[in-house]
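Some notes on the structure that comes next.
The values are calculated or read from the model by the stated rules, or taken from the named source; none is laboratory data. Bear in mind the structure is a predicted one, so any value in this text is a computation, not a measurement. When we count neighbours, we look across all protein chains shown, and the Cβ atoms used for this are built from the backbone with ideal geometry, even at glycine.
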Amino acid sequence: MTSGNFTQDLPPTALHDPFFRAASAPAFTRELLTGLAAGKYAAVRVPGFLSGERCAEVLAALEGREFDSYGKARVQPRVMRFGVGISDHMAAGGVAESYWKALEGHHEAWRGLGLSFDPFLACREGLGAHWPGGVAVGSRGGRELGAGVAREPNDGFRVHFDDSLREYEEDLLDAPLIGQFAFNLYVSVPPSGGETVLWRHRWQPEDEAYRLPASYGYDEAVVRGAESLEIAPRVGEALLIDPRYFHAVRPSRGARRIALGFAVGLTASGQLLTWA
Ligand SMILES: O=C(O)CCC(=O)C(=O)O
Ligand SMILES: [Fe+2]
């Protein structure tokens, strides 16, 4: 009944859901985080989250390093990363032992950058500045997960969604989650392209017909007709999205697109837990 007569002359993309919006604010307030978890926003942007000086320090350190690429069969076009991501170590609906082994090298690689501060700690502190339950790195079987990675999707990310409840057979973290976010802090952005796009569409079983073979992604036709939201990232800006909305990153032109990223889960006791 809600799609009453007044909508009949409008194409579907002309309709707007007032909750499908990106809020922009100087900080991650309680209201914004609870609103994102509850579905009152699709994304929250905090420009100037990390100072230009700190962004430049991280970028300068990363620029001289060799990046790995995500698993080439699953991630096409290629996405580069510095650090270990859990999605490359999935096995039988759980986490492969190789992840824990790889994390040792990960910590060494990040320490080897010789940064004057821990950028993932800075991100957690900024994210949790107004959050009563605080932000901590999540654990699995009592072992601390990775704190984050630097990701470089110069040729874009395909249309996909992230939902650990669907990706893993059992709880990924020791604490069950009642909400999930994806966090990105941009340290290098291209002069054109590189936009993050969200669609007001969540996975439904029919969508599997659009899944690209052996890939993490879907044919863009899966979001056809859905309302969308485009965000052009800026250096120093933090973006927190509801990753259960299908999303993509457009190819970059003219410069590297590098973001520090991690997943965030909200527990029933109101704690925010991160992993990568
Ligand atoms: O780089 C971005 O803006 C979003 C990347 C992404 O797919 C995610 O964080 O889940
Ligand atoms: Fe994603």
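Residues that are crowded, with 19+ Cβ neighbours inside 10 Å and in a loop (DSSP other than H, G, I, E, B): does the range 52-68 have at least one?
Residues of the range 52-68 that are crowded, with 19+ Cβ neighbours inside 10 Å, as a first pass: 55, 57-58, 61-62.
Filter again for in a loop (DSSP other than H, G, I, E, B), leaving none.
Among the residues of the range 52-68, not one is crowded, with 19+ Cβ neighbours inside 10 Å and in a loop (DSSP other than H, G, I, E, B), which makes the answer no.
So if I check each of 64, 83, 94, which one is among the small types (Gly, Ala, Ser), modelled with pLDDT of 95 or more and either over 30 Å from residue 174 (Cα atoms) or out of contact with any helix residue (DSSP H, G or I) (no Cβ under 7 Å at 6 or more places or on another chain) (or both)? Working first, answer last.
Details: 64 fails: modelled with pLDDT of 95 or more; 83 fails: either over 30 Å from residue 174 (Cα atoms) or out of contact with any helix residue (DSSP H, G or I) (no Cβ under 7 Å at 6 or more places or on another chain) (or both).
Exactly one residue qualifies, and that residue is 94.
Checking residue 273 against (1) assigned to a strand (DSSP E or B); (2) in contact with a Pro (Cβ under 8 Å, 6 or more places away or on another chain): exactly one of these is not met. Which one?
Going through the list (1) assigned to a strand (DSSP E or B); (2) in contact with a Pro (Cβ under 8 Å, 6 or more places away or on another chain), residue 273 breaks only (2).
So residue 200 passes all but one of these: (1) of a type in the set (D, E, K, R); (2) within 16 Å of ligand 2 (Cβ to nearest atom); (3) within 30 Å of residue 99 (Cα to Cα). Which condition number does it fail?
Checking residue 200 against (1) of a type in the set (D, E, K, R); (2) within 16 Å of ligand 2 (Cβ to nearest atom); (3) within 30 Å of residue 99 (Cα to Cα), the one that fails is (3).
Go through the range 141-157 and give me each residue that's within 15 Å of ligand 1 (Cβ to nearest atom) and assigned to a strand (DSSP E or B).
149, 150, 151, 152, 157
What are the residue pairs meeting all of these: first residue in the range 260-276, first residue farther than 30 Å from residue 67 by Cβ, second residue not in a strand (DSSP E or B), Cβ atoms under 6 Å, and 6 or more apart or on different chains?
Every condition considered, the pairs that remain are 266/37; 267/175; 270/133; 271/133.
Could you grab me the full set of residues in the range 253-276 that are within 16 Å of ligand 2 (Cβ to nearest atom) and more than 15 Å from residue 127 (Cα to Cα)?
First, the residues of the range 253-276 that are within 16 Å of ligand 2 (Cβ to nearest atom): 257-265, 274-276.
257, 258, 259, 276 - these are the residues of the range 253-276 that are within 16 Å of ligand 2 (Cβ to nearest atom) and more than 15 Å from residue 127 (Cα to Cα).
Out of 185, 172, I need the residue that is surrounded by 14 or more Cβ atoms within 10 Å (Cβ to Cβ) and part of a loop (DSSP other than H, G, I, E, B). Which one? Please lay out each step first, then the result.
Details: 185 fails: part of a loop (DSSP other than H, G, I, E, B).
Result: 172 is the single residue among 185, 172 that is surrounded by 14 or more Cβ atoms within 10 Å (Cβ to Cβ) and part of a loop (DSSP other than H, G, I, E, B).
Are there any pairs, at least 6 apart or on different chains, whose C-beta atoms fall under 7 Å, with the first in the range 144-157 and β-branched (Val, Ile, Thr) and the second more than 14 Å from ligand 2 (Cβ to nearest atom) and not in a strand (DSSP E or B), and if so, which?
What qualifies is 149/83; 149/84.
Could you tell me whether the range 217-224 includes any residue that is within 23 Å of residue 85 (Cβ to Cβ) and either acidic (Asp, Glu) or modelled with pLDDT under 95 (or both)?
Within the range 217-224, none of the residues are within 23 Å of residue 85 (Cβ to Cβ) and either acidic (Asp, Glu) or modelled with pLDDT under 95 (or both).
Looking at (1) at pLDDT 95 or above; (2) touching a Gly at 6+ places or on another chain (Cβ under 8 Å), find the lone condition where residue 75 falls short.
Of everything listed in (1) at pLDDT 95 or above; (2) touching a Gly at 6+ places or on another chain (Cβ under 8 Å), residue 75 misses just condition (2).
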